[in-house]
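So that we are looking at the same thing, I have put the structure below in structure tokens.
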Amino acid sequence: MFKGNFHFGPGLFPASGLPLVGLDVSSSAVKMVELSLAGKDKYRIERYVIEPMPKEAVAEGNIVNLEATGEAIKRAWKKLGTRVKTVAMAVPASAVITKKIVVPAGQREEELEVMVESEANQYIPFSLDEVNLDFQVLGPASASPEEVELLIAASRKEKVEDRVAAAQAAGLKATIMDVEPYAALNALERVMPYLPGVDYDQTLALVDIGAQHMSLNVLRAGQSVYMRDQPFGGHQLTEQIQARYGLSPEEAEVAKRSGGLPESYESEVLAPFRDTLALEVARALQFFFTSTQYNEVHHVLLAGGCAAIPGLDESVAARTQVDTMIANPFAGMELASRIRPVQLSADAPALLVACGLALRRFDPA
């Protein structure tokens, strides 16, 4: 399985199987997903919502305006139409320091905790009193069967507490705090059998294109081997619409999402942006090849709001010469009667993290 599910902070351990909503807070939107069991290893999407975030309430992954963020979460929860008030949230990768270490196998949990704290003291650039620290056992070390590999993750307490406080301001309770890339991988693991031609042992490039940033996460045999963020996303398209058609930022954003732009929009604005985005993906892959021992990627999976741009998968495939598909975290799931399949298909790529968080409800105890 894809490795790296973390629970940051004391008191953030849920009872397995209790109702839980996945809550993804980004600079552009609040995204919520609620799932239920529909049989053995079968899931149903009960409801979801995407609520726009006020401008600059969240910037660079940090909650800047707690009140505005809390209000956006509250609006999203009301639109979701659920009674569940417990949520799983995640901090961005930029707020987390990770490190792999190798330790002797057969250690008890308490012994591992001591070793993790000792190791963390050596590489975390601030006091352990200021961080939430967690770890996951990845499995046997490749060099020795008598050792295991651990993945340590540390986040400043304020990063976690800000998100917990935003949920509390909306009347909700955060019971899990994960890390965004690993939440996305949690959803991707479930959907792997539904990806045509994808083999678990192949090298996969997950490209998540949000409003402000594009993140590349390369996976090999179930583990992340490379991560990189770059400042390019859907906000650039909004700015181009604003400049070309003389719209305000708010008007441009609405027009981008709901249509109503002139017929020239496709050729004058969208097509050039799509080509530029495909070029950025190709450049990100080139960085991966030049900075690692790998020289091949078998599949590119596109996620995030920009993944829904018509024809983007074809543009990326043509530019990179790599098989490219849109990541749909709900592939193979049953849909509640309230869910509109066509709308879900358009929204699904933006819900990868929220879906991964919602799946935490079904983690083994």
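Taken together, the values in this text are just the output of simple stated rules run on the coordinates, not laboratory data. Bear in mind that the values here come from a model prediction, so they are computed numbers and not experimental data. We place every Cβ from the backbone using ideal geometry, glycine too, and count neighbours over all the protein chains shown.
Is it possible to state the helix-based mean residue ellipticity at 222 nm for the chain, with each DSSP H run of 4+ residues giving -39500 (n - 2.57), the sum divided by total residues, to the nearest 500 deg cm²/dmol? What is it?
Helices in the chain give a 222 nm mean residue ellipticity of -10500 deg cm²/dmol.
Cα-based Rg of segment 272-349 per 2.2 N^0.38 Å, rounded to two decimals?
The reported ratio for this selection is 1.28.
Return, for the Cα atoms of the chain, the radius of gyration and Dmax in Å, separated by a comma.
Final numbers for Rg and Dmax: 20.4, 65 Å.
Longest exposed-loop-site-free stretch of the chain, with GluC sites (Glu not before Pro), DSSP loop and at most 16 other Cβ within 10 Å?
Values: sites that count: Glu56, Glu60, Glu146, Glu263, Glu296.
Result for the longest clean stretch: 147-262.
Can you work out the Karplus-derived ³J(HN,Hα) for every residue in segment 27-36? Use 6.51 cos²θ - 1.76 cosθ + 1.60 with θ = phi - 60°, whole Hz, and x for glycine or proline.
5, 9, 7, 9, 10, 10, 9, 10, 10, 9
Can you give the charge dipole size of segment 208-326 about its Cα centre, rounded to the nearest 20 debye, using +1 on the beta carbon of Lys and Arg and -1 on the beta carbon of Asp and Glu? Write out the running numbers ahead of the final one.
Working: 8 positive and 15 negative charges, 71 e Å.
For this selection, approximately 340 debye.
If you fit an axis through the alpha-carbon atoms of helix 66-80 and take the longest principal axis of the Cα set of the chain, what angle between them do you get, 0 to 90°, nearest 10?
Computed tilt is about 80 degrees.
Take the Cα of Val225, step 7 Å along the line toward its Cβ, and report every residue of segment 298-315 whose backbone nitrogen sits under 14 Å from that point.
298-299
Are there any chymotrypsin sites (Phe, Trp or Tyr not before Pro) in segment 274-365 that are in a DSSP loop and have at most 15 other Cβ atoms within 10 Å? List them by number.
Details: sites: Phe287, Phe288, Phe289, Tyr294, Phe330, Phe362; in loops: Tyr294, Phe330.
Passing sites in segment 274-365 are Tyr294.
Which one of Met53, Met227, Met115 has the biggest mean-square fluctuation once the chain is modelled by GNM with Cα springs under 10 Å?
Met115
Now for a different question. Set the Förster radius R0 to 30 Å, insert the Cβ-Cβ distance between Tyr294 and Leu18 as r into 1/(1 + (r/R0)^6), and round the FRET efficiency to 0.05.
Between Tyr294 and Leu18 the formula returns 0.15.
For the chain, set up a GNM with springs between Cα atoms under 10 Å and report which of Leu216, Leu247, Leu301 has the largest fluctuation.
Leu247
Please list, by residue number, everything in segment 312-338 whose backbone N is under 19 Å from a paramagnetic label point 7 Å out along Cα→Cβ of Leu279.
Correct set: 312-322.
If you don't mind, there's one more thing I want to ask. Which residue fluctuates the most in the chain, going by a Gaussian network model with Cα springs under 10 Å, if the choices are Leu261, Leu128, Leu279?
Sorting by GNM fluctuation, first place goes to Leu261.
Oh, and also: Can you list the chymotrypsin sites (Phe, Trp or Tyr not before Pro) in segment 64-170 that are in a DSSP coil and have 11 or fewer other beta carbons within 10 angstrom?
Phe126
Further question on the same structure: Considering only C-alpha atoms, what is the centroid distance from segment 93-140 to segment 27-77, in Å?
So the two Cα centres are separated by 29 Å.
Reachable lysines from Lys74, Cα under 29 Å, same-chain residues fewer than 8 places away excluded?
Partners within reach: Lys31, Lys55, Lys85, Lys157, Lys159, Lys173, Lys256.
Over segment 208-326, what lengths in whole Å, largest first, do the semi-axes of the equivalent ellipsoid take, defined as the square roots of 5 times the eigenvalues of the alpha-carbon gyration tensor?
29, 14, 11
If I fit a long axis through the Cα atoms of helix 271-291 and take the longest principal axis of the Cα atoms of the chain, what angle between them do I get, 0 to 90°, rounded to 10?
Long axis of 271-291 versus the principal axis of the chain: about 20 degrees.
What distance in nm separates the two pseudo spin-label positions at Ala243 and Glu119, each 7 Å out from Cα along the beta-carbon direction?
4.7
May I ask for the angle, rounded to the nearest 10°, between helix 234-245 and the longest principal axis of the chain, with both axes built from Cα atoms and the value confined to 0 to 90°?
The helix 234-245 is inclined about 20 degrees to the chain.
If you don't mind, there's one more thing I want to ask. Kindly provide the trypsin sites (Lys or Arg not before Pro) of segment 275-365 that DSSP labels as loop, not H, G, I, E or B, and whose Cβ sees at most 12 other Cβ atoms within 10 Å.
Numbers: sites: Arg283, Arg319, Arg338, Arg360, Arg361; in loops: Arg338.
Sites meeting the loop and neighbour criteria: Arg338.
Let me spell out the model: positive unit charges on the Cβ of Lys and Arg, negative unit charges on the Cβ of Asp and Glu, origin at the Cα centre of the chain. What dipole size does that give, in debye rounded to 20?
1140
Another question, if that's okay. Assuming R0 = 45 Å, can you tell me the calculated FRET efficiency for the pair Gln321 and Glu250, based on Cβ-Cβ distance, to the nearest 0.05?
On the way: r = 39 Å, r/R0 = 0.86.
That gives a FRET efficiency of 0.70.
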